Amino acid sequence: MPIYAFGDRTPSIHPDAFVHPDAVIIGDVRVGADSSVWPGAVLRGDYGTIIVGERTSIQDGAIVHAIADYPTVIGDDCVVGHLAHLEGCVVHDRALIGSGSIVLHEATVFSGATVGAGAVVRNRMEVPANALAVGVPATIKPDVSGEESILENAESYVENAKRYKRELRRL
């Protein structure tokens with residue numbers, strides 16, 4: 001699998017994490033236990049630090065980048081959907097970032113919050129706990145999301161990653 005050091009920046013991937021052979025990890029990227037990085041995802045810590053907590057899935061085609069002044073931090077039990085783009089932001093534990101959404105510099109997504117598919121969370125925007133951010137640019141719908149369904153989704157990816165570790169084979 002393509003995992004690269006970049007100068008003195010070296011990835012740190014927990015042995016219990018699953019990184020698909022077609023994912024790319026470069027530089028200062030830390031991936032926690034039972035987390036998963038799926039095909040086509042790119043985590044590029046060349047300018048800054050990327051931290052992925054435990055039991056978090058970074059799904060197919062997602063792009064995670066950081067800049068020197070703003071690391072990208074994704075907490076525990078998070079779900080980052082297909083083709084999402086996160087850069088220089090903080091996603092707290094038990095949050096969901098929908099497919100095709102964008103979360104930009106200094107934005108914060110709090111626990112239990114959902115960024116809806118295709119939404120754009122602008123620089124320095126906050127998505128409060130248990131809120132839903134939808135649209136371009138994103139607007140906030142309070143108290144629409146919640147941690148329970150996010151945890152169920154995160155757990156399903158932990159189980160799927162374990163299955164992939166056992167059953168995936170190149171033909």
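Values in this text are rule-based calculations from the coordinates and carry no lab data. Since the model is a prediction, treat every value here as computed from it, not as a measurement. Neighbour counts are summed over all protein chains in view; Cβ atoms, including those assigned to glycine, are modelled from backbone coordinates with ideal geometry.
A full extension of the chain between His14 and Ser156 corresponds to an added length of 49.2 nm, given 0.36 nm per residue minus the alpha carbon distance. For the chain, the relative contact order comes to 14 percent (Cα pairs under 8 Å, sequence separation of at least 6).
Charges were assigned to the Cβ only: +1 to each Lys and Arg, -1 to each Asp and Glu. The resulting dipole of the stretch 3-167 about its Cα centre is roughly 300 debye.
Magnitude of the charge dipole for the stretch 123-171, about its Cα centre and with charges confined to Cβ atoms of Lys, Arg (+1) and Asp, Glu (-1), is about 540 debye.
The antiparallel fraction among DSSP beta bridges confined to the chain stands at about 10%.
Helix 147-167 axis versus longest C-alpha principal axis of the chain: approximately 10°, rounded to the nearest ten. Projecting the Cα positions of Gly88, Val127, Gly27 onto the charge dipole of the chain (unit charges on Cβ atoms of Lys, Arg, Asp and Glu, taken about the Cα centre) puts Gly27 furthest along the positive direction.
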